[in-house]
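Encoded as structure tokens, the structure appears first; notes follow it.
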Amino acid sequence: MPEWIDIVWQPMQYPFMVRGLVAALIVGIICGIVGCFVVLRGMAFFGDAMSHSILPGLAIGYLIGGGARGPLFAWAMGTAIFVALAIGAITRSGRIKEDTAIGIIFAGMFALGVALISTGRSYSVDLMHFLFGDVLGVSWFDLLWTGLSGLIVVAILLLFYKEYLVLSFDETLARTLRLPSTTLYYSLLVLIAITIVTALQTVGVALMLAMLITPPATAFLLTRRLPAMMALSALIGAVSGVAGLYASFYAGIASGAAIVLICTAIFVVVLMFSRRHV
Amino acid sequence: MTVDTEHSSPPNTGTGREVPHSADAPILSVDQLTIRYGTATAIDDVSFTLQQGDHVAVIGPNGAGKSTLFKAIAGVIPTSSGTVRIGGSQPSGHICIAYLPQRSHIDWTFPVSVSDVVMMGRIGRLGWFRRPRQADRDWVQECLRLVRMDALADRPIRALSGGEQQRMFIARALAQEAELMLMDEVMTACDAPSQTEIYGILEQLKERQVTVLVSTHDLDDAAARFNQVMLLNRSLIGFGRPADVFQPDQLKQAYGGHLRLVETQAGTLILSDSCCGGGMSDDA
């Protein structure tokens with residue numbers, strides 16, 4: 001048997017690695033697709049704030065469920081959707097500057113999350129998992145939810161593709177065409193929120209942003225049209241997820257960090273070798 | 001330009017979200033329109049009426065409320081008092097109004113081609129869940145041909161010149177089947193040949209009975225190229241033929257110190273120093 005097959009095969013003998021690889025693959029694809037809108041709309045800071053603000057939801061789910069995964073997912077999802085709508089409302093009301101308002105919510109929620117988790121017994125280990133992901137701890141139940149919510153997000157995005165495209169490119173056009181631009185805007189925020197929750201266990205709160213923006217930014221450099229950008233971004237996300245997990249297996253480094261480092265490496269290489277095409 | 005009649009009408013994809021126009025109502029009537037932002041008044045008691053096919057140059061200093069007026073006509077911002085009527089009913093029921101954005105308000109690195117952008121104009125007619133069909137694609141190509149951009153259909157928008165950007169948006173308005181086009185600073189950042197080209201396209205729009213409002217800083221062109229001029233500085237200072245609107249008193253009232261009027265033997269010479277602000281303060 002050639003050596004490379006052995007390298008690919010060896011981690012597969014561990015069921016937790018198989019589950020981890022499937023999770024990383026799914027998350028890479030979803031984040032790659034949804035992230036295109038985050039990048040094109042200039043919502044990177046929003047994405048970062050969103051993922052950090054989920055922490056108190058995770059903490060409550062964790063404290064209530066005593067570490068069980070089921071309530072964790074539900075609480076994270078509820079918090080994410082709530083925060084997305086709250087930040088969306090602040091963004092549109094404009095009493096204080098948008099980034100300041102988002103920053104206040106982001107830091108406050110994050111602190112609340114840390115405070116809640118610190119009341120638990122295995123404080124530092126759990127906090128590490130929430131912050132940086134625990135892809136090897138993914139259960140079949142988690143995978144089911146990740147796959148299902150990912151499928152729903154991608155389906156909605158494709159179903160309303162032309163509307164989201166107009167909204168993101170020229171909101172005034174969306175309004176003169178009498179599209180429900182406010183509803184579309186909030187629904188996009190909710191889709192991003194769901195995406196973040198599905199990716200939580202893979203890369204964690206602190207590294208989430210990389211999955212949302214690095215593959216799309218890489219694809220942006222290499223493509224001319226949005227459908228191609230979304231497809232390539234999904235591919236880069238998936239490849240980074242899988243390759244990162246292998247790197248983590250062989251080099252013994254944290255999985256979330258390994259995935260993000262692979263994403264970043266691909267971006268840097270592309271940035272150096274792609275000339276700005278016309 | 002000769003138009004191949006077989007392809008020069010839009011596909012019959014239905015009326016989408018468009019409310020029928022009342023036959024005896026003017027295409028646009030604005031009545032005592034006032035728009036306030038907090039304590040600031042952007043548009044103050046403006047009234048006028050346009051008939052189908054009218055072309056009007058809207059002039060006034062930066063911050064005169066030109067963009068605000070256009071957006072109120074398009075029905076995308078709330079009005080404080082007064083009414084806007086399109087073909088007899090509220091703007092919110094119409095998808096026949098096209099607002100052409102100032103170029104500085106568009107992200108030109110957005111990964112879309114020229115025909116992608118023009119196709120966006122079809123979405124109001126298509127409705128939910130429906131993808132553009134061949135008839136829509138043909139119409140988009142025809143709209144691009146009308147603005148002489150058909151050769152650039154697949155070009156990424158980041159590779160367009162200023163004039164091509166504006167022609168693309170006119171094509172998008174045509175694809176939208178717009179009967180009223182609001183062109184915000186359409187000539188800004190266009191070189192002289194592009195401006196000539198766009199004025200040629202405006203002539204074609206006139207033949208098609210499309211009503212057009214163009215905001216501009218170029219008083220010379222406004223006077224020379226348009227039959228009607230609207231002088232705006234929050235309130236409507238003048239509206240009518242250029243010779244009637246370009247009166248020293250009215251211009252002074254609109255521009256204040258930004259305009260110098262010199263009496264010469266040939267008539268009144270107008271010197272302006274507020275050209276091409278790039279939409280700094282005009283877009284509130």
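The values are calculated or read from the model by the stated rules, or taken from the named source; none is laboratory data. In this text, all values refer to a predicted model and were calculated from it rather than measured experimentally. Backbone-built Cβ (ideal geometry, glycine too); neighbour counts: all protein chains shown.
Miscellaneous remarks
- With respect to the conditions (1) on the phi > 0 side of the Ramachandran plot; (2) in contact with a Lys or Arg (Cβ under 9 Å, 6 or more places away or on another chain); (3) more than 10 Å from chain A (Cβ to nearest Cβ), B:ILE59 falls short on a single one, namely (1).
- Lone qualifier among A:PHE249, A:PHE273, A:PHE267 - being at pLDDT 95 or above and among the aromatic types (Phe, Trp, Tyr): A:PHE267
- Residue tally, condition within 9 Å of chain A (Cβ to nearest Cβ) and either of a type in the set (Asp, Glu) or at positive phi (or both), over the range B:114-151: 2
- Being farther than 15 Å from A:ILE259 by Cβ and in contact (Cβ under 8 Å) with a residue 12 or more places away in the chain holds for only one residue in A:LEU173, A:LEU222, A:LEU207, and it is A:LEU222.
- Residues of the range A:193-244 classified as aliphatic (A, V, I, L, M), within 13 Å of chain B (Cβ to nearest Cβ) and in contact with a Ser or Thr (Cβ under 7 Å, 6 or more places away or on another chain), total: 5
- Of all the listed residues (A:VAL27, A:VAL18), the sole one being within 19 Å of A:ILE259 (Cα to Cα), over 16 Å from the mean Cα position of the chain (by Cα) and in a helix (DSSP H, G or I) is A:VAL18.
- The set of residues from the range A:99-157 being of a type in the set (Gly, Ala, Ser) and surrounded by 20 or more Cβ atoms within 10 Å (Cβ to Cβ) comprises A:GLY113, A:GLY133, A:GLY150.
- B:SER92 vs. criteria at the interface with chain A (Cβ under 9 Å from one of its Cβ atoms), in a helix (DSSP H, G or I) and more than 24 Å from A:MET230 (Cα to Cα): yes
- Screening A:TYR186 against (1) away from every other protein chain (no Cβ under 14 Å); (2) buried (at least 19 other Cβ atoms within 10 Å of the Cβ); (3) in contact with a Leu (Cβ under 8 Å, 6 or more places away or on another chain) leaves a single unmet condition, (2).
- Test result for A:THR176, of a type outside the set (A, V, I, L, M) and more than 14 Å from every other protein chain (Cβ to nearest Cβ): no
- Total residues in the range A:218-244, condition of a type in the set (Lys, Arg) and either at pLDDT below 95 or farther than 22 Å from A:TYR164 by Cβ (or both): 1
- Output for the range A:139-156, where each listed residue is within 14 Å of another protein chain (Cβ to nearest Cβ) and touching a residue at least 24 places away in the same chain (Cβ under 8 Å): A:ILE156
- Whenever a residue of the range B:197-226 is within 9 Å of B:HIS55 (Cβ to Cβ), its partners that are surrounded by fewer than 22 Cβ atoms within 10 Å (Cβ to Cβ) and among the acidic types (Asp, Glu), lying with C-beta atoms within less than 7 angstrom and at least six residues away or across chains, give the pairs B:THR211/B:ASP54.
- Residues of the range A:243-278 satisfying the condition of being exposed (fewer than 15 other Cβ atoms within 10 Å of the Cβ), part of a helix (DSSP H, G or I) and among the hydroxyl-bearing types (Ser, Thr, Tyr): A:TYR250, A:THR264
- The set of residues from the range B:80-102 being in contact with a Leu (Cβ under 6 Å, 6 or more places away or on another chain) and of a type outside the set (A, V, I, L, M, F, W, C) comprises B:GLY82, B:TYR99.
- Out of B:ALA222, B:ALA189, one residue alone is in contact with a Gly (Cβ under 6 Å, 6 or more places away or on another chain), small (Gly, Ala, Ser) and within 28 Å of B:GLY256 (Cα to Cα). It is B:ALA189.
- Residue pairs whose Cβ atoms lie under 7 Å apart, separated by 6 or more positions or on different chains, with the first residue in the range B:153-167 and closer than 15 Å to B:PRO101 by Cβ and the second among the charged types (D, E, K, R) and buried (at least 20 other Cβ atoms within 10 Å of the Cβ), are B:GLY162/B:ARG103; B:GLN165/B:ARG103.
- Test: residue in the range A:157-168 that is more than 10 Å from chain B (Cβ to nearest Cβ) and more than 21 Å from A:PHE46 (Cβ to Cβ): yes
- Residues that are in a loop (DSSP other than H, G, I, E, B) and not acidic (Asp, Glu), drawn from the range B:31-72: B:GLY38, B:THR39, B:GLN51, B:GLN52, B:GLY53, B:GLY60, B:PRO61, B:ASN62, B:GLY63, B:ALA64, B:GLY65
- Taking the range A:61-148 as the region of interest, the helices (runs of 4 or more DSSP H) fully inside it that hold 3 or more residues being over 28 Å from A:LEU21 (Cβ atoms) and not hydroxyl-bearing (Ser, Thr, Tyr) are A:69-93, A:98-117.
- Counted residues, the range B:95-113 - those being assigned to a strand (DSSP E or B) and at the interface with another protein chain (Cβ under 7 Å from one of its Cβ atoms): 4
- Selection from the range A:96-126 of residues that are closer than 21 Å to A:LEU63 by Cα and of a type in the set (S, T, N, Q): A:SER118, A:THR119, A:SER122, A:SER124
- For the range B:41-55, the count of residues that are surrounded by 19 or more Cβ atoms within 10 Å (Cβ to Cβ) and within 14 Å of chain A (Cβ to nearest Cβ) is zero.
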